[in-house]
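Participant: Please read through the structure below; I'll follow up with questions.
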Amino acid sequence: MSEQNDELRRTLANAKEWGKLYLENLKLLSIEKTTVLLSHGAMAALLLLLGVCAFFFISIALVLLLAQVLPEMWCFLIMGGVYLLIAAIAMIFRRSLFIDPIARFLSRLFLDPLPHQNNNNNKKAE
């Protein structure tokens, strides 16, 4: 009877330790994936900001270039039309340009194991 109690205590202690380790692993994975998500978000915001600045300067340069041939008012209207055309194309292809890549990135990040996790699992299997 004493052996069974000792075995039950060891089993409960092992289960408690396993639960603590599983919770710690879950915390570390969530921190790692949140870090990846936030770093990609920060990079996207930075690239968006720099892209907007670049488009601003390029559009001003194109307006000044066109102003040598056309009246300045028409040049600004042409550039406005170009931006409206780009916006319409982005709206038409928004699923393939924005929604699908974001969904693919998030599903890979949260559903698929990370590369170093695959290596650890393969070593355990051997």
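Participant: Working carefully through the options 32, 7, 3, 24, find the one that is of a type in the set (D, E, K, R), in a helix (DSSP H, G or I) and under 16 Å from the mean Cα position of the chain (by Cα).
Facilitator: Result of the check over 32, 7, 3, 24: 32.
Participant: Can you say whether residue 107 is of a type in the set (Ser, Thr, Tyr), more than 26 Å from residue 33 (Cβ to Cβ) and assigned to a helix (DSSP H, G or I), as far as the supplied structure shows?
Facilitator: No.
Participant: Identify, from the list 8, 111, 23, 64, the residue that is loosely packed, with under 11 Cβ neighbours inside 10 Å and modelled with pLDDT of 90 or more.
Facilitator: Testing whether each residue is loosely packed, with under 11 Cβ neighbours inside 10 Å and modelled with pLDDT of 90 or more leaves just 23.
The values are calculated or read from the model by the stated rules, or taken from the named source; none is laboratory data. Keep in mind it's a predicted model, so treat the numbers as computed, not measured. Cβ: placed from backbone, ideal geometry, glycine included. Neighbour counts: every protein chain shown.
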